[in-house]
1. Can you pull out the residues in segment 135-151 that are crowded, with 22+ Cβ neighbours inside 10 Å and either over 19 Å from residue 311 (Cβ atoms) or free of Cβ contacts under 8 Å to residues at least 40 places away in the same chain (or both)?
2. Is one or more of the residues making up segment 69-89 within 16 Å of the ligand (Cβ to nearest atom) and closer than 21 Å to residue 262 by Cβ?
3. Given the structure, is residue 175 within 12 Å of the ligand (Cβ to nearest atom) and either surrounded by fewer than 17 Cβ atoms within 10 Å (Cβ to Cβ) or of a type outside the set (A, V, I, L, M, F, W, C) (or both)?
4. I'm trying to understand the selection: among the residues of segment 190-216, which are among the acidic types (Asp, Glu) and farther than 20 Å from residue 172 by Cβ?
5. Can you find a residue that is farther than 23 Å from residue 54 by Cβ and more than 10 Å from the ligand (Cβ to nearest atom) anywhere in segment 138-149?
6. Filter segment 208-254 for residues that are assigned to a loop (DSSP other than H, G, I, E, B) and of a type in the set (Phe, Trp, Tyr); which is farthest from the chain's Cα centre (by Cα)?
7. Can you tell me how many residues within segment 156-172 are touching a strand residue (DSSP E or B) at 6+ places or on another chain (Cβ under 8 Å), more than 8 Å from the ligand (Cβ to nearest atom) and closer than 21 Å to residue 247 by Cβ?
8. Which one of 81, 99 is in contact with a strand residue (DSSP E or B) (Cβ under 7 Å, 6 or more places away or on another chain), of a type in the set (Gly, Ala, Ser) and part of a helix (DSSP H, G or I)?
Amino acid sequence: MVPWNHIFVPVTAKHASKPRGCTNTDKIYSCNFSQMDATQIGRVLSDLEVADHLAALELNGFTVIKQLITAEHALELAATAENVRASCGFSCPPVGRQAIIANDITVNNAISYDEKFLQLALSGGHLRVIAKFLNDTHYGLLPKEHYNFILAQANLRKGGVPLPMHVDVRMQSPGPRTTCMQAVLAFGTHSKSDGCLRARIRSHLLSHFPDENKTYDDEVDIPLEIGDMVVFYSQLHHATNTCLNGIGPWKFLLSYRQWWIKPQYDFVAMLRRDMRDTYDKLTPNQKVVLGCCSIPSSDPKSSPSFRLGYDGLV
Ligand SMILES: O=C(O)CCC(=O)C(=O)O
């Protein structure tokens, strides 16, 4: 079976001035089917583990990947998060109800400050789990076992204020189909008193938004140990607990969406401007996940099809 963590090496020269959306049939990619590249921090999951996580997600709306990263890496990443936060300054808070976290310690777009965060967002076994829900099987322009979904958010937070019960989708539709999945990776232990995630079990199947003023009987706490990651449907009704110390440990909040949803940030422009060398070292498939094939074209001659293959990469 073909593994998901590939390194692709373009064999022919980069395509020059064709309008976007024209395929280069002469371009071949050779694949080095390595399980894990040297910069990968998140571990690979076995097929059995992936199957278990898919079953748990479908049933409950969330799953916990134990020790996606080692405790050693998590401590190192917490220290990096602290340094990034000290040097990068203020990140704009959300608008609307979630503006209540305006005074929390957050770093939006951590991937643009340190490549370890970028590698965590673009590699690791959690992507295989998420792909099962978000990969467009009709995409057609990429090999079908390659990821075509995109990263939407990659923020660090040291949570203080508890978040009320909410969802992170604009439309809540009944049943287990989804366009958005998200994950929280713990850089420290997240128990209930540290403000861990709380969710309504199986609420990913509901067709309505939660009432943030209610306490529901089906709420469960989802504590994490250092290095664990919880993955959940963005339509799952979820909240965070009160952090009794005021400031909890660092966590990395990741959201992924189907490729056709308006990208939340132009990560490609961000990375090409702020971390050009790192960007250039990404594999073609990592560039796709970063959103490189989901940027609207400004070329009037480009194809009316919005989808792009590897020859559309910049
Ligand atoms: O901070 C957390 O643990 C969860 C954050 C959350 O609920 C969200 O990002 O929607």
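What follows is calculated from the coordinates using simple rules that are stated; it is not laboratory data. Nothing here was measured: the structure is a model prediction, and the numbers come from that model. Here the Cβ is made from the backbone with ideal geometry for all residues, glycine too, and neighbour counts use every protein chain on show.
1. Within segment 135-151, 149, 151 meet the criteria.
2. Checking segment 69-89: not a single residue is within 16 Å of the ligand (Cβ to nearest atom) and closer than 21 Å to residue 262 by Cβ.
3. no
4. Listed by number, the list holds a single entry, 194.
5. yes
6. 216
7. 5
8. Testing whether each residue is in contact with a strand residue (DSSP E or B) (Cβ under 7 Å, 6 or more places away or on another chain), of a type in the set (Gly, Ala, Ser) and part of a helix (DSSP H, G or I) leaves just 81.
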